[in-house]
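Heads up, the thing below is written out as structure tokens.
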Ligand code: FE2
């Protein structure tokens, strides 16, 4: 046997199970038994009651621009628009090696944090498509451990940028998995509508998915989401279409939002919200009170629409911080979208995992079941809510039966009123105490 995990918690409140792996596939899932382990396994993991879940999923990141913050200059206003201007100054110095080195570094950070499915946008408003070719190459280089999808993303427009549509189609011809768009950035409303029609047409002709940056602006008049949802419905692409950001929805009036919600439900499209970046970039043109600048995550999730959370930017012209940490993302989403109900907090865990898998369309190779791929994270937490609260990183990350990452669980030793305490943010589930007591074990003085 390749690997065994003892005492795994698959669902909040469920009985523990023992999980066995053969040839990269889950071969058995049985109720936890102290006798498990009689048959030798090459690798034994004692989960000790920790959560064992399918890998985290990153549905929206820009790996071509990552780790370029400050090059050639910093974004001093902090706006999305200055970010695009700074990026267009950096673009001419892009090389294949430059893109691969930066993008692979972030993929390593993601793998170490249990993110094994990644959808990256890649700017294709570059006549040479250098970054696109580099990310397509990287997609193959990492394919034995993770799934990387590349979106052909026309950062400076399809209709309003010279040869925009031609470059977009060429990117898809070269192998991009997903067709992007940016309708709110096009010069006119009509150009924006046309750009979405072009993106959907290319997706239909090349059998691809669609993921548009849509209404990423505080302008309550920006309503391309209705165009995208309608095109998704009429083309039949439906759940193969994603609207990313849709921050203008946070500014729509109630009557329009009500009408739109019904259209979104009927269309079956996915939404991706990027809570950290939307909070950081939106509301920049407001006087006080400043808007949060997020789409209506809470209401859409309650209405049954698939919404996932993405990191968007990591150390780039739009955001100088970030580590692509999925638990930090879920935690930020709780704050930004006011998802503070117990079930809502647990759902934010899904928004950086299973809901992201639906966005990527990878459900067939996602999930823990006998006969399914043995890719999972062992998160030392007593529930999904506990994992989000303490932003717990996986102690082990397993990809197709192989241990990809292992974290040293060394606790912090704290001298506190004459006693030494161990503050343990990693191994908490081992203690089996109530949630709020998890992270602190007092030692005898
Ligand atoms: Fe984005």
Hey, any hits in the stretch 229-252 for a residue that's over 26 Å from residue 125 (Cα atoms), assigned to a loop (DSSP other than H, G, I, E, B) and touching a strand residue (DSSP E or B) at 6+ places or on another chain (Cβ under 9 Å)?
no
Provide a single number: the residues in the stretch 21-56 that are assigned to a strand (DSSP E or B) and closer than 13 Å to residue 373 by Cβ.
5
Those strands (runs of 3 or more DSSP E) completely within the stretch 350-431 that have 3 or more residues that are touching a strand residue (DSSP E or B) at 6+ places or on another chain (Cβ under 6 Å) and closer than 24 Å to residue 108 by Cβ are 376-379, 396-399, 402-406
Could you go through the stretch 317-336 and let me know if any residue there is touching a strand residue (DSSP E or B) at 6+ places or on another chain (Cβ under 6 Å) and either more than 16 Å from the ligand (Cβ to nearest atom) or in a loop (DSSP other than H, G, I, E, B) (or both).
yes
On the basis of being surrounded by fewer than 23 Cβ atoms within 10 Å (Cβ to Cβ), within 16 Å of the ligand (Cβ to nearest atom) and touching a residue at least 40 places away in the same chain (Cβ under 8 Å), does residue 370 make the cut?
no
Selection within the stretch 232-248 - away from the ligand (no atom under 12 Å from the Cβ) and out of contact with any helix residue (DSSP H, G or I) (no Cβ under 8 Å at 6 or more places or on another chain)
234, 236
For the subset of the stretch 47-70 comprising residues that are assigned by TED's automatic domain parsing to the domain that holds residue 118 and on the phi > 0 side of the Ramachandran plot, which member is farthest from the ligand (Cβ to nearest atom)?
70
Out of the residues in the stretch 158-193 that are within 16 Å of residue 245 (Cβ to Cβ) and part of a loop (DSSP other than H, G, I, E, B), state the one that is nearest to the chain's Cα centre (by Cα).
180
Counting just the residues of the stretch 194-222 that are crowded, with 16+ Cβ neighbours inside 10 Å and over 23 Å from residue 170 (Cβ atoms), which one comes out farthest from the chain's Cα centre (by Cα)?
222
Residues within the stretch 106-137 that are in contact (Cβ under 8 Å) with a residue 40 or more places away in the chain and part of a helix (DSSP H, G or I), tallied
13
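The values are calculated or read from the model by the stated rules, or taken from the named source; none is laboratory data. Model, not experiment: these values are computed from the prediction. Neighbour counts run over all protein chains shown; Cβ positions are idealised from the backbone, glycine included.
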